[in-house]
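Here's the structure, in structure tokens; my notes come after.
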Amino acid sequence: MKQGTTLFLKSAIVTIGLIVLALSIFWLPYQANFFAEMYPEFAYLQYPLLVGLLVTTLPFFIALYQALKLLRYINYNKAFSTKSLFPLKNIKYCALIISFLYIVGFISLLSINAANPGILLIGLVIIFCSAVIAFFAAVLQNLLSRALQLKTENELTV
């Protein structure tokens, strides 16, 4: 892959990370206060939900770092090495953790009848997207491990 393509992907990952970080620091607390004032009967959920959302950003940032690591391996022509399997595995696990955390939050909100349809829809989209990312990373991990096996077999063949 050309250096320009990976540079574009790296800059896109960094930009996404900075946007999510800024939203997590500035916008989420503002929205939590806004919804606590708008719906005072659910004001007691302001901080638990805010903490829950901020906790889900941790695996997101870990996955972004793993994607940058994978792009670094691609830059150094190490894409078809066992080192590339670990970032894919970590991305898969991070996406599964995000899905799990949102499912737990989803069930918690439903159990106390505090489920706003708009917020639940956003939660479902996040659950679906992270599940798709986990599935895609698992498929890539499987394909890469098979390619590495074939590469090893071909190197042993005279």
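We did not get these values from a lab; they are worked out from the coordinates using the rules stated. Fair warning: this is a prediction, and the values are worked out from it, not measured in the lab. Backbone-built Cβ (ideal geometry, glycine too); neighbour counts: all protein chains shown.
Angle of helix 28-38 to the longest C-alpha principal axis of the chain, folded into 0 to 90 degrees and rounded to 10: 30°. Here the Karplus relation 6.51 cos²θ - 1.76 cosθ + 1.60, evaluated at θ = phi - 60°, turns the backbone of the stretch 41-48 into coupling constants of 5, 10, 4, 5, 8, 4, 6, x Hz, with x for every Gly and Pro. Counting helices only, and only those DSSP H runs with n ≥ 4, report the 222 nm mean residue ellipticity of the chain as the sum of -39,500 (n - 2.57) divided by its residues, in deg cm²/dmol to the nearest 500. After summing the helix terms and dividing by residue count, I get -29000 deg cm²/dmol. Between the listed residues N77, A114, A43, the Cα displaced farthest toward the positive end of the dipole of the chain, a dipole computed from Cβ unit charges relative to the Cα centre, is found at N77.
Compactness check for the chain: Cα Rg over 2.2 N^0.38 Å is 1.31. The length gained on full extension between L28 and S111, counted as 0.36 nm times the residue separation minus their Cα-Cα distance, comes to 27.6 nm.
On a 0 to 90° scale, report how tilted helix 117-156 is relative to the longest principal axis of the chain, with both axes built from alpha carbons and the result rounded to the nearest 10. Helix 117-156 sits at roughly 10 degrees to that axis.
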